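Before any comments, here is the structure.
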Amino acid sequence: MRLAGLALAVTAVTSLIAPTAAMADPDPDGTRRAGDVSTARALAACDSSGTTPTDSALATQLNGKLTAKMRGYMSAYRVSCARKVIEAVHDRGLHSRAAVIAIATTIVESSIDNIAEELDHDSLGLFQQRASWGTVAQRLNPTWATNAFLNKMLSKYPNNTWMTAQIGQVCQAVQVSAYPERYQPQAGDAQIIVNTIWPYVAGGGGRDFSGDGKADVIARNATTKDLHLYRGNGSGGFQSGTGEAFGHNWSAFDIIFSPGDFTGDGKADIIARNTTTKDLHLYRGNGTGSFQSGTGEAFSNNWSAFDTIFSPGDFTGDGKADIIARNTTTKDLHLYRGNGTGSFQSGTGEAFSNNWSAFDTIF
């Protein structure tokens, strides 16, 4: 992601969202802290292009989902700030858990505001980084600030140990806060925010297979059974010279579809049902138009009861891609809720809509 538009618009904001009795200041002790949601402060723009209609729509959606400090306080501006943090993680090729850690930190430190005045010593920005971290311009640039945070996180937790350590613990190791207990309670909401915004950052509404931010089309050749990738141009057509074969001899499968990002790594995947075993196989995309090494594992056995299997992406609103299947006999639709890591949530597979026998194609 290029650091376009480093000239950050700084604007004094008296109140982004006026708190109500039901949305009281989470730190109501009279202390003016940078992380207080209701504190008036000068803010810098997170995206030099401003907020988008999608930012506004996602803010409304998130305000109904969040359960901790930020519930009812999300705005288009705060979504734009979260989006820039998540973009930095995605563009670096890290797992979405890194974005959860970063977002949990910004919730505590700044309420996801890019604070442009020194409320707490010389701290600035989303992460309230002090002058020792970088210049004012750097700390007020969400991309730079996020990468600085990630650099320290990776140095503190080498060999991907941050993937299994408690989120609040990782936040504290990077920030060295006087209030270490504040991070972990925000981890759940940070996960919801990342789950909601990540598919849009990944591009193509989660259906970008080539990693250029544009949705693509994949087709299987009737003779060779090879998969061909047609790279979208983002304006209703295909890029010049596209249509290359990237997956050879998929004759073993009777159903093939993409759920978007099924594994939570920000890259679109493909799922296929084996004609003989009826097992579902997961082919993990590499984000550049092909598959990760060693992929294709069976992850769910014997789907012979279904005549149609497809994915609507995130059907349940939890930020994780789901799968829907129609029962061959009853013609009922069954919902299999994805767990965001390449499989299903426990106890899933319920019938949620009856008798779809009138239809020969469902997608």
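Tabulated values for the structure
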| item | result |
| --- | --- |
| Selection from region 336-363 of residues that are in contact (Cβ under 8 Å) with a residue 40 or more places away in the chain, assigned to a loop (DSSP other than H, G, I, E, B) and open to solvent by less than 80 Å² (accessible area, probe 1.4 Å) | Gly340, Gly342, Ser343, Ile362 |
| Residue in region 21-34 that is modelled with pLDDT under 90, in contact with a strand residue (DSSP E or B) (Cβ under 7 Å, 6 or more places away or on another chain) and of a type in the set (Ser, Thr, Tyr) present | no |
| Strands (runs of 3 or more DSSP E) within region 250-312 that include 2 or more residues touching a strand residue (DSSP E or B) at 6+ places or on another chain (Cβ under 9 Å), surrounded by 17 or more Cβ atoms within 10 Å (Cβ to Cβ) and not small (Gly, Ala, Ser) | 253-260, 269-274, 280-283 |
| Residues (crowded, with 23+ Cβ neighbours inside 10 Å, aromatic (Phe, Trp, Tyr) and either at pLDDT 95 or above or in a loop (DSSP other than H, G, I, E, B) (or both)) located in region 166-222 | Tyr183, Phe209 |
| Qualifying residues in region 50-98 (those that are small (Gly, Ala, Ser), open to solvent by 10 Å² or more (accessible area, probe 1.4 Å) and without any contact (Cβ under 8 Å) to a residue 24 or more places away in the chain) - the one farthest from Val37 (Cα to Cα) | Ala57 |
| Checking Arg207 against (1) charged (D, E, K, R); (2) out of contact with any Phe, Trp or Tyr (no Cβ under 8 Å at 6 or more places or on another chain); (3) at positive phi, the condition it does not meet | (3) |
| Residues (touching an Asp or Glu at 6+ places or on another chain (Cβ under 6 Å) and within 25 Å of Gln166 (Cβ to Cβ)) located in region 95-146 | His95, Phe127, Gln128, Arg130 |
| Tally, over region 313-329, of residues that are within 12 Å of Gln345 (Cβ to Cβ), of a type outside the set (A, V, I, L, M, F, W, C) and open to solvent by less than 30 Å² (accessible area, probe 1.4 Å) | 1 |
| Qualifying residue in region 82-100 (condition: under 17 Å from Ala42 (Cβ atoms), in contact with a helix residue (DSSP H, G or I) (Cβ under 8 Å, 6 or more places away or on another chain) and not acidic (Asp, Glu)) | no |
| Enumeration of residues in region 288-316 that are of a type outside the set (S, T, N, Q) and touching a Ser or Thr at 6+ places or on another chain (Cβ under 8 Å) | Gly289, Ala298, Phe299, Ala305, Phe306, Asp307 |
| Subset tally (residues that are more than 20 Å from the chain's Cα centre (by Cα) and either in a loop (DSSP other than H, G, I, E, B) or at pLDDT below 95 (or both)) for region 141-163 | 4 |
| Residue count for region 118-140, restricted to those that are modelled with pLDDT of 95 or more, open to solvent by 30 Å² or more (accessible area, probe 1.4 Å) and outside any helix (DSSP H, G or I) | 5 |
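The values are calculated or read from the model by the stated rules, or taken from the named source; none is laboratory data. Computed from a predicted structure; not experimentally measured. We place every Cβ from the backbone using ideal geometry, glycine too, and count neighbours over all the protein chains shown. The area values use the complete protein model at the heavy-atom level, side chains included, leaving out ligands, DNA and RNA. Shrake-Rupley method; radii C 1.70, N 1.55, O 1.52, S 1.80 Å.
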